[in-house]
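Read the structure below first, then the notes.
Throughout, read-outs are computed from the coordinates displayed, never taken from laboratory work. Keep in mind the model is a prediction, meaning the values are calculated, not measured. Cβ atoms come from the backbone with ideal geometry, glycine included; neighbour counts cover every protein chain shown.
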Amino acid sequence: MARHLYGMNAAEVFTSGVTYLVCLAAVWCFLIVIYRLAIHPLRRYPGPILGGISDAYGGYLAFTRSDHLAIYQLHQRYGPVLRLAPDKLLFNSLHAFKDIYQNPRITKSYLYLYSRDKNQPTTFSTIDAEAHRQRRKLISQPISQRAMRLFEPTMSAQIDIFLRKIYESSGSVVNVTDHCQWLGLDIVGLLAFGYHLNLQTKEEYRFIPRAFADIKSRIHVFMQFPALANFAALITPFTEPEKGKLLRLVYKMMLARAEQDKDAERDFYSYAKGNLDYGPDYFEYGEFMAEAAFFVTAGGTPPATAICGLLFYLARHPQFYKKLTEEIRGTYKRGHDIKGDAQLMGCQYLRACIDETLRISPPSLATLWRERDKVDTDDSPLVIDGHVIPPGTQVGVNLYALHHNEEYFPDSYSFIPDRWITQASSDNPESEAARARMQEAFVPFLVGSRSCAGKAMAYCEISIVIAKLLWHFDFESAPGDLGKLGEGTPGSTDGRGRASEYQLYDCNSATHDGPNLIFRPRAEAIAELSGKAL
């Protein structure tokens, strides 16, 4: 009967139907490509053709963890404004940065929603300005300057452990990435829940940095290629094998803290308890769990990136190493006198070296996407750096590209701390204006209401660690190929061809490996390092 009615059997009907659907899909895709390349409002902006066709191009760049390098190269090729995806424009100018990130008409992009786990909001993923303000106020309390002064003895105790571990490895090759990440996470574990993770002394939880990097990398890919998030259930088990283990640990930390009085510690828990929804299972599926996980990852690894980067550059620039060492050792007669106080923050060359590291190798490499606020009642066009932005367009500035813009940072791939030293007043107005532009274009922590709440904590932690290392030790790069860890590969065309640049890998923050250094204790420091005075 079927063959009499249709002239074909069931298999032929199925084959014919599949062929029809494939042809229909091909025509549909062809029309989308034609629209995006020839009719779309952003068609006139230069950029890679694949980017103009699909978000998959940006997703691929994010997957490689080298998108910051690719974006810099794209700006070199196409100019300060480029189309990275069908509805995304990237800018690389100070004017554009101000127009985007200091504009009340612009808010976080909907893309941040793809960073949520179980759809639970965090400070990072909250788009609404008022809701973000409330959350930022909450997480800012345990990392405010006043709170950090109270917390500093606890942090210093962890730094002392860090110094002893370096001392125990004296004369041997030390991969400082491992030690700095363990230190950072031990500090943030105490700051979040008063919990001793003990990564510096035990191996049990040393999977944390790797697990965090995998989770953040997946989030980064989804934010660049949202359609891929529909397959999250299939992708996650392969891309984040230790996610469950990590979340169970955070849950364990919270349960241990909950057994104490709310105000037993001045930590994240003491401020957040009672201000965030716990969910039906008290911890596991509520906002508290999501915010806690974000707090730990946001505070644990970025300072380590800056510390490792600075050690990398100092080991390769003996003139700057010597100058900074003289400042630290000339300021302090004893290592245990180094504290995060006005005296340390007054070490001008230390701050210059830190800022130059944050510029050339920023811990945040991602593009911070923004869009016009849907509640914006202003009917006038949205203009960014002279460009009228069509509705629905995602706009952003990549901080790595901005920090290597030669207009603001001449010789941008050279490590030059002295560019941050305030010079005597110049009679040259052009020179003064250039310096002012440089200062404004330096935004490793962003600016305004969406800036990083942990800026004060980061500077404090980085400053103390670097100052104590330089007071207690002399160090140098490991010999031979071991000493090249962290360098770029000369001749590489993917943006990693500079041996003098500390190599970072983008996962919404940064991962890295190395440098390998050899530390030798100073004679004056041995008593402290051996535990007799620490």
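Data for the structure
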| quantity | calculated |
| --- | --- |
| Förster radius 45 Å - calculated FRET efficiency between residue 137 and residue 30, Cβ distance, rounded to 0.05 | 0.35 |
| Alpha-carbon centroids, the range 104-119 and the range 193-222: separation in whole Å | 24 Å |
| Packing-based exposure ordering (other Cβ within 10 Å, fewest first) of 385, 186 | 385, 186 |
| Hits among aspartates and glutamates - C-alpha to C-alpha of residue 333 under 19 Å, sequence gap 8 or more where chains match | 160, 341, 474, 524, 528 |
| Rounded if a/c under 1.5, otherwise prolate or oblate - the range 306-358, Cα gyration tensor axes | prolate |
| HN-Hα J in Hz across the range 28-33 - Karplus 6.51, -1.76, 1.60, θ = phi - 60°, x for Gly and Pro | 4, 5, 4, 5, 5, 4 |
| Cross-link pairs beyond the 31 Å C-alpha cut-off, checked among 118/484; 137/339; 202/323 | 118/484; 202/323 |
| Segment residue 252-residue 206, extension gain: residue separation times 0.36 nm, minus the distance between their alpha carbons | 15.0 nm |
| Paramagnetic reach from residue 413 in the range 474-497 [backbone N under 11 Å; point 7 Å along Cα→Cβ] | 488-497 |
| Alpha-carbon gyration tensor eigenvalues x 5, square-rooted, for the range 310-469, Å | 35, 19, 14 |
